[in-house]
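J.: Input: one structure, supplied below.
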């Protein structure tokens with residue numbers, strides 16, 4: 001099998017970068033909702049949202065609650081949004097902490113990427129084949145577009 005470390009690193013980078021962008025959009029949405037001046041928005045970002053005290057998942061929960069409150073049809077229009085965002089964050093967490101598998105014997109397919117994940121003393125191999133990568137890419141686009149459109153709707157209301 002060929003060495004696919006460049007493609008695996010690209011996949012990891014795209015997902016990590018996308019999730020960082022998702023988090024920043026949620027930060028802006030939350031600060032836009034709760035603060036009425038640029039100064040207060042910046043302080044909310046600096047002293048609360050951009051600290052380790054509030055996790056990505058906490059921001060996700062706040063974002064979903066606010067969105068459902070402000071835009072009552074959001075859940076109806078985007079029934080899978082929260083689930084997809086949670087799945088992408090889970091994939092992000094795996095890729096951020098897993099080691100790229102370089103042993104061809106454990107890879108499912110030649111063009112797949114496999115990572116070794118250690119959790120609670122267990123070693124598991126997580127595989128990403130072309131079909132799964134396309135699905136992840138499609139979900140990243142959908143979540144990113146939905147976040148951006150929802151933020152824009154908040155600003156324009």
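J.: Treating the angle as unsigned and between 0 and 90°, give the value, to the nearest 10°, between the Cα long axis of helix 56-70 and the longest Cα principal axis of the chain.
T.: 40 degrees
J.: Applying 1/(1 + (r/R0)^6) with R0 = 22 Å to the Cβ-Cβ distance of residue 145 and residue 65, what FRET efficiency is obtained, to the nearest 0.05?
T.: FRET efficiency, residue 145 to residue 65: 0.60.
J.: What is the calculated FRET efficiency for residue 156 to residue 130, with r their C-beta to C-beta distance and R₀ = 35 Å, to the nearest 0.05? Before the final figure, lay out each step's value.
T.: On the way: r = 39 Å, r/R0 = 1.10.
The pair residue 156/residue 130 has a calculated efficiency of 0.35.
J.: On full extension of the chain, what length is gained from residue 96 through residue 5, given 0.36 nm per residue of separation minus the C-alpha to C-alpha distance?
T.: Numbers: separation 91, 0.36 × 91 = 32.76 nm, distance 1.48 nm.
Extra length available between residue 96 and residue 5 comes to 31.3 nm.
J.: So, R0 is 35 Å and r is the distance between the beta-carbons of residue 40 and residue 75; what FRET efficiency does that work out to, to 0.05?
T.: For residue 40 and residue 75, the calculated efficiency is 0.75.
J.: Separate question: Take the chain, connect every pair of alpha-carbon atoms lying under 10 Å apart with a spring to form a Gaussian network, then pick out the residue of 113, 39, 56 with the largest mean-square fluctuation.
T.: The residue with the greatest mean-square fluctuation here is 39.
J.: Moving on. Would you mind calculating the gained length between residue 32 and residue 116 on full extension (0.36 nm times residue separation, minus the Cα-Cα distance), in nm to one decimal?
T.: Extending this stretch completely gives an extra 26.3 nm.
J.: Output the Kirkwood hydrodynamic radius of the chain, Cα pairs only, in Å rounded to one decimal.
T.: 17.3 Å
J.: Same structure again: Measure nothing but the geometry: give the 0 to 90° angle between the long axis through the Cα atoms of 5-34 and the longest principal axis through the Cα atoms of the chain, rounded to 10°.
T.: 10 degrees
J.: Please work out how much length the chain gains when fully extended from residue 137 to residue 47, using 0.36 nm per residue of separation minus the C-alpha to C-alpha distance, in nm with one decimal.
T.: Result: 29.1 nm gained on full extension.
J.: Can you give me the angle between helix 81-97 and the longest principal axis of the chain, using Cα atoms only, in degrees from 0 to 90, rounded to the nearest 10?
T.: The helix 81-97 is inclined about 50 degrees to the chain.
Bear in mind these aren't lab numbers, they're just calculated from the coordinates by the rules spelled out. This structure is a prediction, so every number in the text was calculated from the model and none was measured. Methodologically, a virtual Cβ is constructed for each residue, glycine included, from the backbone with ideal geometry; neighbour enumeration extends over all protein chains shown.
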